[in-house]
Amino acid sequence: MNITTLGIDIAKNVFQLHGVDQDSKTVLTKRLSRAKLLEFVTNLNPCLIGMESCGGSNYWARKFIAAGHIVKLMSPQFVKPYVKSNKNDKNDAEAICEAVARPNMRFVCVKQIEQQDIQSIHRIRTRLVAERTALANQIRGLLAEYGIVIPKNIGNIRSNLPEILEDGANELSGIGRETFKDLYDELVDKDKKILAYDKKIKLICNQNAKCKKLTEISGIGPITATAILAAVGDARVFKNGREMAAWLGLVPKQCSSGGKERLLGISKRGDKYLRSLLIHGARAVIFKHKNKDDTKSKWAKQLVERRGINKAVVAVANKNARIIWAKLTGAQPWQAAA
């Protein structure tokens, strides 16, 4: 059995395999349990293994690479067109095997453990921020039922709620005061946890040479730099900076057919979290350069006057994405504008 290309439909416990030889003839169709998969693949001669990029794929990719195989991950949306007939594990594995051998297929980088560590920190921090926002909104909403209105902004809750709890003239009952005291303590606890993760991210950034390079870019801080490093890894998978910007969804969405070209708003492809970080950073750049006269500030101000604040922010984010690619790949020397 000479397998040259192997497609694996991964799952939690049961894995479907489809292998072909150098003539693209099917030589293997097999189901394996989780406990037997690694042993089976390790005993195969080195071959090309294709898998969909999903939960657990990076773990298995690292294991198969260590066993001497070439492993390529693909986005599920690029595999779907190759599925024949009904969707099931067997047909999915065959489609993966077919897709991974296509010369123009786009692949996803295999994440190393260090990248997954950083990404885990970001995921937890994002959840905590969302929970803190929900908690703040709940506090404001519940207080409004007692005729107490706190202005928007979480900082107003932090500063006003202790005074509200001490104010005996309002309509809060004893039970109400205890309830809001618990909510305030929970808010403080969320702040402490988020601050702890911020410190972890900053420490990781300071210890990583690539992250320190990225923080030299205006609008890129430790959070954005570490998030980029965790998601991208090897930026050389992108041919140029524009391809990376397109992967992040920061280029115009195209709807062109019949000789008519239509460019719409940004495509919003890729990682929403990364794109939002770059957009927020770009917005900070716009306001930072508002009253400066250097080359970049003049460009930013002219862009705002010509296209409006929101389009200018996206343009700066796009520019930063391209600079990030250049700095990560070392494809060309880059210097900040004077």
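Data overview
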item	result
Filtered residue count, the stretch 244-268, keeping only those that are in contact (Cβ under 8 Å) with a residue 12 or more places away in the chain and out of contact with any strand residue (DSSP E or B) (no Cβ under 7 Å at 6 or more places or on another chain)	6
Residues of the stretch 5-20 satisfying the condition of being of a type outside the set (A, V, I, L, M, F, W, C) and either assigned to a strand (DSSP E or B) or modelled with pLDDT of 95 or more (or both)	Thr5, Gly7, Asp9, Gln16, His18, Gly19
Failed item in (1) in contact with a Pro (Cβ under 9 Å, 6 or more places away or on another chain); (2) closer than 15 Å to Asn320 by Cβ, with Leu264 passing the rest	(2)
Conditions (1) in contact with a Phe, Trp or Tyr (Cβ under 7 Å, 6 or more places away or on another chain); (2) modelled with pLDDT of 95 or more: number failed by Met105	(2)
Among residues of the stretch 217-248, those that are over 20 Å from Lys111 (Cα atoms) and among the hydroxyl-bearing types (Ser, Thr, Tyr), counted	1
Filter pass, Lys190 being in the same structural domain as Leu142 (by TED's automatic domain parsing), surrounded by 15 or more Cβ atoms within 10 Å (Cβ to Cβ) and charged (D, E, K, R)	yes
Residue selected from the stretch 292-311 under the condition touching a residue at least 40 places away in the same chain (Cβ under 8 Å) and part of a helix (DSSP H, G or I), by the criterion nearest to the chain's Cα centre (by Cα)	Lys296
Test set (1) among the β-branched types (Val, Ile, Thr); (2) in the same structural domain as Ala130 (by TED's automatic domain parsing); (3) within 21 Å of His280 (Cβ to Cβ) - Val251 fails condition number	(2)
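For every residue, the table says whether it meets (1) assigned to a strand (DSSP E or B); (2) over 22 Å from Ser120 (Cβ atoms); (3) not charged (D, E, K, R).
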| site | (1), (2), (3) |
| --- | --- |
| Glu216 | no, yes, no |
| Ile220 | no, no, yes |
| Ala225 | no, no, yes |
| Glu243 | no, yes, no |
| Ala246 | no, yes, yes |
| Leu250 | no, yes, yes |
| Gly270 | no, no, yes |
| Arg283 | no, yes, no |
| Lys290 | no, yes, no |
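The values are calculated or read from the model by the stated rules, or taken from the named source; none is laboratory data. Just so you know, these numbers come straight off a predicted model, no measurement behind them. Cβ coordinates were reconstructed from backbone atoms using ideal geometry, including for glycine residues, and neighbour counts include every protein chain displayed.
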